[in-house]
Structures are given as structure tokens and as C-alpha cells.
1. What is the number of the single condition among (1) surrounded by 10 or more Cβ atoms within 10 Å (Cβ to Cβ); (2) of a type in the set (D, E, K, R); (3) over 60 Å from the mean Cα position of the chain (by Cα) that ASP239 does not meet?
2. Within region 269-276, does at least one residue satisfy the condition of being of a type in the set (Ser, Thr, Tyr), at pLDDT below 90, closer than 27 Å to GLN200 by Cβ and open to solvent by less than 100 Å² (accessible area, probe 1.4 Å)?
3. Among the candidates ILE254, ILE302, which residue alone is open to solvent by less than 50 Å² (accessible area, probe 1.4 Å), β-branched (Val, Ile, Thr) and modelled with pLDDT of 90 or more?
4. Does LYS177 satisfy the condition of being open to solvent by 60 Å² or more (accessible area, probe 1.4 Å), in a helix (DSSP H, G or I), among the basic types (Lys, Arg) and closer than 30 Å to LEU305 by Cα?
5. Return the residues of region 119-128 that are in contact with a strand residue (DSSP E or B) (Cβ under 9 Å, 6 or more places away or on another chain) and either open to solvent by 20 Å² or more (accessible area, probe 1.4 Å) or part of a helix (DSSP H, G or I) (or both); say none if nothing qualifies.
6. One residue is enough: does region 29-36 have a residue meeting the conditions open to solvent by less than 50 Å² (accessible area, probe 1.4 Å), at pLDDT below 80 and not β-branched (Val, Ile, Thr)?
7. When LEU216 is evaluated against the numbered criteria (1) aliphatic (A, V, I, L, M); (2) under 52 Å from the mean Cα position of the chain (by Cα); (3) in a helix (DSSP H, G or I), which criterion, by number, is the only one it fails?
8. Name every residue in region 58-98 that is under 24 Å from LEU154 (Cα atoms), free of Cβ contacts under 8 Å to residues at least 60 places away in the same chain and open to solvent by 60 Å² or more (accessible area, probe 1.4 Å), in order of residue number.
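The values are calculated or read from the model by the stated rules, or taken from the named source; none is laboratory data. Since this is a predicted model, take the numbers as computed values, not measurements. Here the Cβ positions follow ideal geometry from the backbone for every residue, glycine too, while neighbour counts run over all protein chains shown. Quick note on the areas: whole protein, heavy atoms, side chains included, nothing else; ligands and nucleic acids left out. Shrake-Rupley method; radii C 1.70, N 1.55, O 1.52, S 1.80 Å.
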Amino acid sequence: MLYFIRNNLRANHLFLRKFSETLIPVNYKKSIATDNDKNLYKNTFNSINVNPNGTIKLVLHLPARKENCEFTLKFLNDDIESLADKIKQEDKSIEKIVFYSNEGNRISKSTPIRSIIFSEFKININDEVYFFRPPESLSKSSDESLKYLVQNELDQVRELVSKLYLHLNIDQYEVEKEKKILDEIEILRYELEPLENKRQELEFSAKKHTNRMIWLGLGLMSMQAGILARLTWFDYSWDIVEPISYFVSYSAVIGVYAYYVLTRKEYGYESASDRIFLRHFHKNAIKKDLDINKYNILKNNISTLENDLKTIRRLNSAAK
């Protein structure tokens, strides 16, 4: 008899259990569990806010350190996995972090953080539950106002990102341009080096030749004065040498005029010495196979690039 009564009680218990499960909806069970969890962990509600600059501020009570910790997340870039990594970095005692929605569904790690901040969710850390509620301005607003608020936040974030991207790209562009100019200058200087060596040799030789010609002119003029003096005081008289000296002086005037006819420039000692220098330099340049046109082009290109480099560095220093 006792065996029969015990079996009947067990059957009735199973029947009542199945009957109660058919009466309680699944969502209702989850809501009851959620309410119980909230009552059980009513002191674990943490704050989450969306800043105007497009960042999310999340305050979480760390279990081991027994203090609140503030986490700053990027609205568009961060996801659940990045938030979990940041929490583990702050509290080394955390071994397990699981995110659940308000309905009790587990949230994947690849879910963007912006997808969960507008509704309640909870974080299970080492078997402890931490609840989060969205800001009141978001939770109490309608769908249209919520959409407008989110769109406004996104517009501000996009504007900030665009400005930052533009600034970083300008800096990167200037750095790359500066590096490119330096590389071009280095290549041009490498090409210019053998030409520069030849030019210095020819310039040294032309200077020596110019100095010789200047001293030769001084010697000839002194010799001319000595000859006229001898003719005047030793060989002949001034009456005979005077017309000779006149024609010699007039010959000098003819020579100066001939210089103007040939060069179309007024005669001067500096211009005459420069002409002697250039004639000797170009004459030897042909013999030494020095391409003067190529040399001038390389020098002009280097000068232009150096000016551009100075401009870029001046602008960078002014911007900083």
C-alpha cells in the first residue's frame, strides 16, 4: 500500500510540474527571472552614457578591486569583445565575462557596442550579474526621437572623424612630400657631384688665367711707358715723341671702342676680367666634356626643391 501511495504522489507531482510549465509562457519565466535577478543584485546597477563627442562612458563596479571603474568606448568602432578585454585588463581576477540581453539571450562578442546601449543588458562576471540601463533621455524617447538622437550623435561623430582624418592625412601628406623632396634632392646631388668636381677644376684654372692676363696687361702698359720715356729723354726729343704718344693713346681709344662693338658692353676692368674668365672657362669646358646646360638644369632643380622644402617646414612649424 505504501508503495502504491508513493507512486501516485510521484505521478501527481510530475503532472503538476508539467501543467505549471504549460501555464507559464517562456517570456514570462524570463521576465520573472530577470526581476528576481534585479532584486537580488539591485545594488549592481551601473551607469552608461553617450557623450556629445561620440564616446560612450560606462561605469562598472569591479568585483576584486571593490571600486567603480570608468571605461571610455568609441561609438562606431568598439564592440563587446573590446569592452571585455578592457575590463579584464583592469581586474586580473576576472576569468569569465558574458553579455546577456534583457530577454536573457547571450550577446556575441562581435556585436557593436552601439547596438546594446539603447536597451537594458547585463554582464555576467565570474557568476556575478551587473545590470545596465540606457540613459533616461534614450529609454523614455519614442522611436522617432531616438532615431533623431542617434542620427545627431552619428553626425557629430562623423564630423569629428572627418576633421581628424583630414588633419592626420595633411600631416602624413606633408611628411611624405618632405621625404620625397629629400630623396629627389639626394638623387640630383649624386648626379651633380662629378659635374661639380669638373666645374671647380675649370673655375680654378680660369681664375689663374685671368690673373695672368691682368698682370700681363699691367706689364705691357708699364713697358709702353718705359719705351716712350726712353725715346723722349735718351734717344729723341719730346718734339719727335709727342705725335707718337698721341697715336699710341688714340690707339687705346680705338681698342676700347672695338671692345664695345664686339661685346655691346661698356668697357670696364671688372667686365673685361669676367669676359676673360668666361672665355677661358667655356673653352676648357668643351675640352673636359663638361655639359654646362645639364649642370645648370641640375642646379636650378635643386634650388627649386630646397625652396619647396623650406616652405613646407616653415608651414609645419607655424601650424605647431
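1. So ASP239 meets the others, but not (1).
2. Yes, region 269-276 has at least one match.
3. Only one candidate passes the filter, namely ILE302.
4. yes
5. So in region 119-128, the residues in contact with a strand residue (DSSP E or B) (Cβ under 9 Å, 6 or more places away or on another chain) come out as 119-126.
If the condition is that a residue be in contact with a strand residue (DSSP E or B) (Cβ under 9 Å, 6 or more places away or on another chain) and either open to solvent by 20 Å² or more (accessible area, probe 1.4 Å) or part of a helix (DSSP H, G or I) (or both), then SER119, GLU120, LYS122, ASN124, ASN126 are the ones that fit.
6. yes
7. (2)
8. The answer is GLU70, THR72, LYS74, ASN77, GLU81, LYS86.
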